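Student: A single structure is presented below for examination.
The values are calculated or read from the model by the stated rules, or taken from the named source; none is laboratory data. Please read all numbers here as calculations on a predicted model, not as lab measurements. Don't worry about glycine lacking a Cβ; one is built from the backbone with ideal geometry, like all the others, and counts go over all protein chains shown. Remember, those area values only see protein heavy atoms, side chains included, never the ligands or the DNA or RNA. Shrake-Rupley method; radii C 1.70, N 1.55, O 1.52, S 1.80 Å.
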Amino acid sequence: MSLLTRKLTAITVLIALILTVFPAVSGFAAVSDVSFEFEAEKYIVSEGNVEEFSDALASGSTSLKGINTKNNAPEASSAADVSFGFEVESRDTFTLWFRGKVPGSSGDSVWISIDSNEYVSRFMSETGDDYKWFAFSTETLSLGTHSMNIIFREPESYHDKVLITSDNSY
């Protein structure tokens, strides 16, 4: 391993450590080789459409709950309820996973925008009181900084975590 490679590896590890300790301050997620994981409640950017919800079954005992209805597709420039930033080290195909629950018959969807593109609706396929992982979409992302914006579409939608991974076996 060359000296430059060792230095770059050390810098990457240091940045990942800093982002792990200070994720809310930095605005970017802690990174592993191919995955980005976000605690949804740490990235609220808009008040009024979501609220923190105390839940012993949620990761960190807190999730986000949608409290208003936004059934019409928002404009691409619409302010997000929750926003995440992350760095991709090389072009790859990523799956966007959400950990959430839908206790009733409604509250099963959100609007998602990647890199300020048009918002698209995504649905959680099962109802129930337990949190489950749902694959929301697959995106090919290029090298560089990316963003994911979420607008809660319905009340009673609970979201705990977001995972973006290129690991197809997840």
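Student: Taking into account only those residues within the range 104-134 that are surrounded by 14 or more Cβ atoms within 10 Å (Cβ to Cβ) and aliphatic (A, V, I, L, M), which is farthest from T69 (Cα to Cα)?
Tutor: Among those residues, the one meeting the criterion is I114.
Student: Find the residue count for the range 135-170, including only residues that are part of a strand (DSSP E or B) and open to solvent by less than 70 Å² (accessible area, probe 1.4 Å). I'd like the intermediate steps shown before the answer.
Tutor: Step one: filter the range 135-170 for residues part of a strand (DSSP E or B), giving 135-141, 144-152, 158-165.
Those left that are additionally open to solvent by less than 70 Å² (accessible area, probe 1.4 Å): 135-137, 139, 141, 144, 146-152, 158-165.
Number of matching residues: 21.
Quick grid of which residues meet (1) closer than 25 Å to T62 by Cβ; (2) over 13 Å from the mean Cα position of the chain (by Cα); (3) at pLDDT below 90:
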| residue | (1), (2), (3) |
| --- | --- |
| V102 | yes, yes, yes |
| S105 | yes, yes, yes |
| D108 | yes, yes, yes |
| E118 | no, yes, no |
| S125 | yes, yes, yes |
| A135 | yes, no, yes |
| T140 | no, yes, no |
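Student: Could you tell me how many of the residues in the range 18-54 are at pLDDT 50 or above and farther than 14 Å from V88 by Cβ? Spell out how you get there, then give the answer.
Tutor: Taking the range 18-54 first, the residues at pLDDT 50 or above are 34-54.
In the following step, the residues that additionally are farther than 14 Å from V88 by Cβ were identified as 37-54.
Result for the range 18-54: 18.
Student: Is it the case that S83 is in a loop (DSSP other than H, G, I, E, B), at pLDDT 80 or above and closer than 23 Å to T138 by Cα? If you could, list the steps in order and put the result at the bottom.
Tutor: Working: in a loop (DSSP other than H, G, I, E, B): no; at pLDDT 80 or above: yes; closer than 23 Å to T138 by Cα: yes.
Criteria not met by S83.
Student: Something else now. Please tell me if N117 is out of contact with any strand residue (DSSP E or B) (no Cβ under 7 Å at 6 or more places or on another chain) and of a type in the set (S, T, N, Q). Steps first, answer last, please.
Tutor: Details: out of contact with any strand residue (DSSP E or B) (no Cβ under 7 Å at 6 or more places or on another chain): yes; of a type in the set (S, T, N, Q): yes.
Spelling it out, N117 is indeed out of contact with any strand residue (DSSP E or B) (no Cβ under 7 Å at 6 or more places or on another chain) and of a type in the set (S, T, N, Q).
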